């Protein structure tokens with residue numbers, strides 16, 4: 001059995017991870033995925049929570065899903081590398097990744113604009129469980145070649161493996 005710990009920055013990231021886990025991790029697959037919530041506070045905090053949580057059990061793979069719009073810098077990157085925490089970065093936020101799945105425009109938009117675009121397009125915020133119906137497996141599978149962070153997360157969940165940096 002291979003074990004994966006994935007720490008999401010906040011509620012929206014945790015819902016996304018749970019959604020992906022439900023779609024891609026089959027019972028008896030040999031991979032056990034644990035999802036934790038860092039409760040916000042920026043990228044450095046998410047990496048720190050992942051590191052602290054990984055000390056509680058011997059995980060084969062530790063991943064932090066975080067936004068790059070707060071506290072994502074060289075020091076945080078170095079801390080993640082040193083701690084062997086693989087980072088799934090959403091540039092600048094999760095909503096940008098999700099809009100990209102459906103070919104939504106994300107270039108030259110800030111986090112506030114992307115969050116508003118997301119709500120307008122999908123009828124709720126990313127932390128609203130009802131929006132996930134727009135992200136079925138067919139839509140996500142079609143986006144895998146275009147959305148690198150999604151492909152990396154799927155690989156982590158299905159194979160307990162991370163692409164080479």
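The values are calculated or read from the model by the stated rules, or taken from the named source; none is laboratory data. The shown structure was predicted, so the numbers you read here are calculated from the model rather than taken from an experiment. In this analysis, Cβ positions are derived from the backbone assuming ideal geometry, glycine residues included, and neighbour counts consider all displayed protein chains.
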Selection count where residues are under 16 Å from the mean Cα position of the chain (by Cα) and either farther than 25 Å from residue 95 by Cβ or buried (at least 19 other Cβ atoms within 10 Å of the Cβ) (or both), scope the stretch 52-69
7
Cβ-Cβ under 6 Å pairs, at least 6 apart or on other chains, the stretch 146-165 side without any contact (Cβ under 8 Å) to a residue 40 or more places away in the chain, far side part of a helix (DSSP H, G or I) and buried (at least 16 other Cβ atoms within 10 Å of the Cβ):
163/152
Being surrounded by fewer than 18 Cβ atoms within 10 Å (Cβ to Cβ) and under 28 Å from residue 110 (Cβ atoms) narrows it down to one residue among 18, 26; which is it?
18
Looking at the structure I just gave you, is residue 135 surrounded by fewer than 17 Cβ atoms within 10 Å (Cβ to Cβ) and under 30 Å from residue 1 (Cβ atoms)?
no
Scope the stretch 104-136; condition closer than 15 Å to residue 67 by Cα, assigned to a loop (DSSP other than H, G, I, E, B) and either modelled with pLDDT under 95 or touching a helix residue (DSSP H, G or I) at 6+ places or on another chain (Cβ under 6 Å) (or both); matching residues
106, 126, 127
Quickly run through the stretch 106-132 and pick out the residues that are crowded, with 16+ Cβ neighbours inside 10 Å, touching a residue at least 40 places away in the same chain (Cβ under 8 Å) and out of contact with any strand residue (DSSP E or B) (no Cβ under 8 Å at 6 or more places or on another chain).
126, 132
